[in-house]
Amino acid sequence: SELFKESIEALEIAKEFEKSQGVSLDLGIVLTSAEYEPWLNDRKAEIDAYYWNRYKLLLMKSLSTDVINTMDQETDRIVGLLQDPEISGPWDRRGLVMGHVQSGKTGNYTGVVTKAADAGYKLIVIIAGVNNNLRNQTQTRIDEGFIGKDSSKLLSSKPEQKFVGVGNYDKKRFPSTFTSSVRDFSKVTATSVGVPLQNMSEPAVLVIKKNSSILKNLIEWLKAANTSMSTDKIYEPMLLIDDEADNASINVKYGKNE
């Protein structure tokens, strides 16, 4: 309809205005524990920033250079506060990133995801929304900013490839996905892929609802398909992003043996 066309045109004009007028982005404030040991700068030279560079090309369509440069610094700081994925043995590092409503949080953590993947994180789980609409919207954003393919086509009964977002800039490498823009996590779908995480050459990403049954199914699949007989832990470094931290937050209490 004409109204739909006009709304699309208005959105494109707004994007061009924001880009040309140089909308600014300020660096946030960081609080760290006394035990924090920086690692990212020491590894920068050896990291192939493939996923981040591909995402940056997509950002250049709608954001000014200044905003992208600030986002680059901000996401570097956040990834640097994660644990170095090359560290062997069990580890657990947690943090909280806060931002205003409609301040670009999804775009920011998509950048974190790309850089974490470049640094060596092999499993990335994003908890997005408590209903299907929110989860599906986030999956679409991840399709565009990280995966590069339309996930609804990849996990259909007749898989096909449709490149979107970053996939239109570079098609050399793609992460795997066990969820799609029309389907939440399913043990049956994940098992049908038939490739354990440790055998994947590229990272895997899942976008799931904050739902107890979905989380339970994910944990059961991880234990059944991706752990050894002697331990119930996966060997691959995992990044978990809770995009609904203000809604039914997970239990982060530390005990003596936890």
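The values are calculated or read from the model by the stated rules, or taken from the named source; none is laboratory data. Keep in mind that what you see is a predicted model, and the values were worked out from it rather than measured. Cβ: placed from backbone, ideal geometry, glycine included. Neighbour counts: every protein chain shown. For the accessible areas, the whole protein counts, side chains as well, though only heavy atoms, and no ligand, DNA or RNA atoms are used. Shrake-Rupley method; radii C 1.70, N 1.55, O 1.52, S 1.80 Å.
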Say whether the condition of being within 26 Å of S212 (Cβ to Cβ), among the hydrophobic types (A, V, I, L, M, F, W, C) and buried (at least 19 other Cβ atoms within 10 Å of the Cβ) is met by at least one residue in region 163-183.
yes
Based on this model, can you work out whether S213 counts as small (G, A, S) and part of a helix (DSSP H, G or I)?
yes
So S24 ticks every box in (1) in contact with a helix residue (DSSP H, G or I) (Cβ under 7 Å, 6 or more places away or on another chain); (2) open to solvent by less than 90 Å² (accessible area, probe 1.4 Å); (3) at pLDDT below 85; (4) within 19 Å of S103 (Cβ to Cβ) but one. Which box is left unticked?
(2)
List the residue pairs whose Cβ atoms are under 7 Å apart, where the first residue sits in region 40-67 and is over 21 Å from E202 (Cβ atoms), the second is among the aliphatic types (A, V, I, L, M) and surrounded by 12 or more Cβ atoms within 10 Å (Cβ to Cβ), and the two are 6 or more positions apart or on different chains.
L59/I68; M60/I68; S64/V23; V67/V23; V67/L25
On the given criteria, is T110 surrounded by 19 or more Cβ atoms within 10 Å (Cβ to Cβ), more than 17 Å from P175 (Cα to Cα) and within 13 Å of the chain's Cα centre (by Cα)?
no
When region 61-71 is checked residue by residue, the ones that are surrounded by 14 or more Cβ atoms within 10 Å (Cβ to Cβ) and out of contact with any Gly (no Cβ under 8 Å at 6 or more places or on another chain) are S62, L63, I68, T70
Can you name the residue in region 184-201 that is in contact with a strand residue (DSSP E or B) (Cβ under 7 Å, 6 or more places away or on another chain) and closer than 22 Å to Y235 by Cβ and is also most open to solvent (accessible area, probe 1.4 Å) among such residues?
M200
Given (1) open to solvent by less than 90 Å² (accessible area, probe 1.4 Å); (2) modelled with pLDDT of 95 or more, where does E46 come up short, assuming only one miss?
(1)
Among residues of region 202-244 being farther than 24 Å from R183 by Cβ and either modelled with pLDDT of 80 or more or of a type outside the set (S, T, Y) (or both), the residue least open to solvent (accessible area, probe 1.4 Å) is P237
Take residues that are under 17 Å from L58 (Cβ atoms) and in contact with a Ser or Thr (Cβ under 6 Å, 6 or more places away or on another chain) and tell me which of the helices (runs of 4 or more DSSP H) falling wholly in region 111-194 contain 2 or more.
132-142
Residue pairs qualifying under the 8 Å Cβ cut-off, at least six apart or on distinct chains, with the first in region 161-186 being farther than 21 Å from L222 by Cα and the second being part of a strand (DSSP E or B), are Q161/K149; K162/K149; F163/K149; V164/K149; G167/K149; K171/F163; F174/K149
Taking the criterion of being of a type outside the set (K, R), open to solvent by less than 70 Å² (accessible area, probe 1.4 Å), under 18 Å from P237 (Cβ atoms) and in contact with a Gly (Cβ under 8 Å, 6 or more places away or on another chain), would at least one residue in region 85-106 satisfy it?
yes
